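Scroll down for the structure; my scribbles are underneath it.
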Amino acid sequence: MKGAPLPPIGLSNTAIVLHDMQNDFIRASLSKPEMVETVKRTRALVDLGHSLRLSVIYTRVENDPAMPYPPERAPFLQRSGPRLCVKGTPGAEIIDELKPQPNDFVITKLRSSAFHDNKMEALLRIKGAWILIVAGGSTNWGVEWLARDAKARDLVTVVLRDCTYSATPEAQAASLANIDDFLGYVMNSDEVMQILSKAK
C-alpha cells in the first residue's frame, strides 16, 4: 500500500489463501501457457507453505440451487449465461493441479465474498494470521473483493502479481493498481517465497 512499510511477513502471522482456483473458472485456460505458469508458481508457493507449516486456505464459490437469489431481485444480481460452479458438479471443484491436502482449510462460499457468511474470519483469528498471501482469481473480481473485505477487518493482504489472473491484461493491471494504492500490497511470488524461506 502506497506510503506504508512492508508488512512483517512471518511464520506465525501469515496464511496463504488460494482464491477460487476451480474447474469452471480456469480449466479451459490451462491450455494457455500463461495460465500454466501461473498454476506452477502457485503450486510452488503452496508446497513451500506446507513445508513451513503455514496455514493454507482455499476458497471455493458454490452455487447452490437451493439457495438462489431472491426471485424478485435475481435479474438484477446475477449475470446472464450458464451458472458456474454449481454445487455437486465437477466444475465447482478445485483444479487437480492444486488439490488441497488433508490439513489444508477449504472455505466454501455461497456468494463472491471470501468473508460473507462463512468461517474465514474465525479461522484467521484462531490461527493468529493477519497477513494474507493471496493467489488465484480473478483479480478484478474476487481477489480485489477479498482485499477490500480484509482491510475492513484490519487484515493485511499481499496479492501475488504472477499468481493471479484476470480476463484481460487491462483488468489485471487496473485491479492490481487499486490493491497496491489503497488496499494492500502487490508483490511477485519469488519475493514473498524468499521472505518466507528466511522467516522464523
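Within the stretch 158-186, if we keep just the residues that are closer than 21 Å to V39 by Cβ and among the hydroxyl-bearing types (S, T, Y), the residue that is farthest from the chain's Cα centre (by Cα) turns out to be T168. Of all residues in the stretch 127-179, those satisfying the criterion of being touching a Ser or Thr at 6+ places or on another chain (Cβ under 8 Å), charged (D, E, K, R) and under 22 Å from E62 (Cα atoms) are E144, D149.
When restricted to residues that are among the charged types (D, E, K, R) and either surrounded by 17 or more Cβ atoms within 10 Å (Cβ to Cβ) or more than 26 Å from S31 (Cα to Cα) (or both), the stretch 94-104 contains 1. Within the stretch 105-121, is there a residue that is modelled with pLDDT of 95 or more, outside any loop (DSSP other than H, G, I, E, B), in contact with a Pro (Cβ under 6 Å, 6 or more places away or on another chain) and surrounded by fewer than 17 Cβ atoms within 10 Å (Cβ to Cβ)? Within the stretch 105-121 (the criterion being modelled with pLDDT of 95 or more, outside any loop (DSSP other than H, G, I, E, B), in contact with a Pro (Cβ under 6 Å, 6 or more places away or on another chain) and surrounded by fewer than 17 Cβ atoms within 10 Å (Cβ to Cβ)), the answer is yes, since at least one residue qualifies. When A4, A15 are screened for being of a type outside the set (F, W, Y), surrounded by 15 or more Cβ atoms within 10 Å (Cβ to Cβ) and within 23 Å of E121 (Cβ to Cβ), only A15 passes.
When the stretch 133-143 is filtered for residues that are of a type outside the set (V, I, T) and within 9 Å of the chain's Cα centre (by Cα), the ones remaining, listed by number, are A135, G136, G137, S138, G142. Within the stretch 158-176, residues that are more than 18 Å from I9 (Cα to Cα) and free of Cβ contacts under 8 Å to residues at least 24 places away in the same chain sit with their Cβ atoms under 9 Å from residues that are surrounded by 15 or more Cβ atoms within 10 Å (Cβ to Cβ) and of a type in the set (G, A, S), at 6+ positions apart or across chains, in these pairs: A173/S166. Among the conditions (1) at pLDDT 95 or above; (2) touching a strand residue (DSSP E or B) at 6+ places or on another chain (Cβ under 8 Å), the only one that P65 does not satisfy is (1). Whenever a residue of the stretch 61-87 is polar (S, T, N, Q), its partners that are in a loop (DSSP other than H, G, I, E, B), lying with C-beta atoms within less than 7 angstrom and at least six residues away or across chains, give the pairs N63/R83; N63/L84; N63/C85; N63/K87; Q78/Y69.
The values are calculated or read from the model by the stated rules, or taken from the named source; none is laboratory data. Predicted model only: the values in this text are computed from it and were never measured. Quick reminder, even Gly has a Cβ in these numbers, built from the backbone with ideal geometry, and neighbours come from all protein chains shown.
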